[in-house]
Amino acid sequence: MSEKRGRLAAYWERQLERLEEVERKRALRLPGWRTRKRRRTLSVLVVAGDLLLISGAVFFKTAPDLVFLVGWFGGSLLAGGAHYLLRILTGKMSGGFSTRLDEREREWRHRATFVSYQVLVALMVVAVFYALIVSGTEDGGGRGAMMGAALLVTGTTLAAVILGWSLPDDDPEDFQDFEEVSPT
């Protein structure tokens, strides 16, 4: 039993070292963008992309194909790209597991994930009711699935949006230890 615990502890140590390396690389990306103004701009772009995605789901099979394509794929690209950049700019806080968070950062992350979880649950209820409403229509199953997917994507991007909107500007001293260890 203790041998198994030892292997498990070694595994977790390797995982923590790997996450530390990922955080170190991420912290050095986009240094000029690490302002509240940039994060808020990206947060607005994520929300706009999510709304485009939802509108694409609404118009699935009921509007011309171009309307659906612009809404669905345009929203996916806009929300996905902005969300990717926003996760970089929110740094180690947006990750799921980090040993480098202080108490204040941990509290912000917990609040953001709690709020986004509550909103995600509400969005899934909306998706179920939407699917029930359109179930009797032509292509109702597809329309319900598209809306469920759009609302799921919207709910999963909210934690980064909340953090991006509410975090203050980064302190340059927070990145000194990353720069010192960096091989560049």
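Here's the yes/no breakdown for (1) outside any helix (DSSP H, G or I); (2) open to solvent by less than 80 Å² (accessible area, probe 1.4 Å); (3) over 22 Å from Ala159 (Cα atoms); (4) at pLDDT below 85:
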{"site": "Glu23", "(1), (2), (3), (4)": "no, yes, no, yes"}
{"site": "Arg40", "(1), (2), (3), (4)": "no, yes, no, no"}
{"site": "Val47", "(1), (2), (3), (4)": "no, yes, no, no"}
{"site": "Leu66", "(1), (2), (3), (4)": "no, no, yes, yes"}
{"site": "Trp72", "(1), (2), (3), (4)": "no, yes, no, no"}
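Of note, Ile54 does not satisfy the criterion of being surrounded by 15 or more Cβ atoms within 10 Å (Cβ to Cβ) and at pLDDT below 90. Cβ-Cβ under 9 Å, sequence separation 6+ or interchain: first residue in region 60-71 and under 13 Å from Glu138 (Cβ atoms), partner in a loop (DSSP other than H, G, I, E, B) and not acidic (Asp, Glu). Which pairs? From residues that are under 13 Å from Glu138 (Cβ atoms), the pairs are Lys61/Thr137; Thr62/Thr137.
Being surrounded by fewer than 19 Cβ atoms within 10 Å (Cβ to Cβ), within 27 Å of Leu19 (Cβ to Cβ) and basic (Lys, Arg) is the requirement here; does Arg106 meet it? So Arg106 passes the test.
Pairs meeting the criteria (first residue in region 126-139 and open to solvent by less than 80 Å² (accessible area, probe 1.4 Å), second residue in a loop (DSSP other than H, G, I, E, B) and modelled with pLDDT under 90, beta carbons under 6 Å, at least 6 apart or on different chains) are Asp139/Lys61.
When you scan region 142-156, do you find a residue that is under 30 Å from Arg14 (Cα atoms), at pLDDT 75 or above and touching a helix residue (DSSP H, G or I) at 6+ places or on another chain (Cβ under 8 Å), even just one? Yes, some residue in region 142-156 is under 30 Å from Arg14 (Cα atoms), at pLDDT 75 or above and touching a helix residue (DSSP H, G or I) at 6+ places or on another chain (Cβ under 8 Å).
Would you call Gly91 closer than 20 Å to Leu30 by Cβ, within 16 Å of the chain's Cα centre (by Cα) and open to solvent by less than 80 Å² (accessible area, probe 1.4 Å)? Can you show your working first?
Working: closer than 20 Å to Leu30 by Cβ: yes; within 16 Å of the chain's Cα centre (by Cα): yes; open to solvent by less than 80 Å² (accessible area, probe 1.4 Å): yes.
Yes, satisfied.
Which of (1) open to solvent by 80 Å² or more (accessible area, probe 1.4 Å); (2) in a helix (DSSP H, G or I) does Lys61 not meet, given it meets every other one? Result: Lys61 fails condition (2) only.
The values are calculated or read from the model by the stated rules, or taken from the named source; none is laboratory data. These numbers were taken from a predicted model, which means no experiment stands behind them. Note: ideal-geometry Cβ built from the backbone for every residue, glycine included; neighbour counts use all protein chains shown. Each accessible area value is taken on the protein alone, full model and side chains, heavy atoms only, with ligands, DNA and RNA left out. Shrake-Rupley method; radii C 1.70, N 1.55, O 1.52, S 1.80 Å.
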